[in-house]
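Inspection log for the structure reproduced underneath, given as structure tokens.
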Amino acid sequence: MSTDPHLARDLSVMAMRLNRQLRLRHSSDKIPVAHLSILATLFREGPTTTGELAVRERIKPPSISRSSSALLEMGLIERVPHPTDGRQVLLTLTDEGRRVASQDVASRERVLAEQLAELTDEQRDTLATAADILNALVERAD
């Protein structure tokens, strides 16, 4: 099976550029983008351990520990006992953390929605199909 030799490169570049655009437009200038990513993950996936969060965020555990300590100090997350393993704790959003994460996610979705509104129905349908394919690629990579 032959593929366009530039497809992988083009997809990679476009994914990075889109991610950069969305991150640059994040809703809070006071919170680093890496911290917002952690908040968004907790918002989407719920309470998790630092180890699981490091895997999901694809960063080393010491970096998650530093970021989570900063988010704890900001009052955006809290540590709660693990329900089945007394040796572990879960990181979870506080009410303020949930508000910040919700605003950030909504801000990024609003930017994309504005851009999508300028496309034709056929282009949006094509992107919906592409999104399904990209989700499958990401799930296979995980």
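Every condition in (1) loosely packed, with under 14 Cβ neighbours inside 10 Å; (2) hydroxyl-bearing (S, T, Y); (3) at pLDDT below 85 holds for S12 except the one numbered (3).
Against the condition closer than 20 Å to E139 by Cβ, surrounded by fewer than 16 Cβ atoms within 10 Å (Cβ to Cβ) and modelled with pLDDT of 90 or more, how does G46 come out, does it pass? Walk me through it before giving the result.
Working: closer than 20 Å to E139 by Cβ: yes; surrounded by fewer than 16 Cβ atoms within 10 Å (Cβ to Cβ): yes; modelled with pLDDT of 90 or more: yes.
Against the criterion (closer than 20 Å to E139 by Cβ, surrounded by fewer than 16 Cβ atoms within 10 Å (Cβ to Cβ) and modelled with pLDDT of 90 or more), G46 qualifies.
Taking the stated definitions as given, is A131 exposed (fewer than 12 other Cβ atoms within 10 Å of the Cβ) and within 16 Å of the chain's Cα centre (by Cα)? In short, yes. Does G97 satisfy being at positive phi and modelled with pLDDT of 95 or more? Criteria not met by G97.
Looking at this structure, is T84 modelled with pLDDT of 95 or more and surrounded by fewer than 15 Cβ atoms within 10 Å (Cβ to Cβ)? Answer is no for this residue.
When the helices (runs of 4 or more DSSP H) confined to segment 1-82 are screened for residues that are under 17 Å from A106 (Cα atoms) and free of Cβ contacts under 8 Å to residues at least 12 places away in the same chain, those reaching at least 1 such residues are found at 7-24, 33-45. Considering only segment 89-128, how many residues are touching a strand residue (DSSP E or B) at 6+ places or on another chain (Cβ under 8 Å) and either surrounded by fewer than 15 Cβ atoms within 10 Å (Cβ to Cβ) or not in a helix (DSSP H, G or I) (or both)? Result for segment 89-128: 6.
The values are calculated or read from the model by the stated rules, or taken from the named source; none is laboratory data. Not measured: the values here are computed from a predicted model. Cβ: placed from backbone, ideal geometry, glycine included. Neighbour counts: every protein chain shown.
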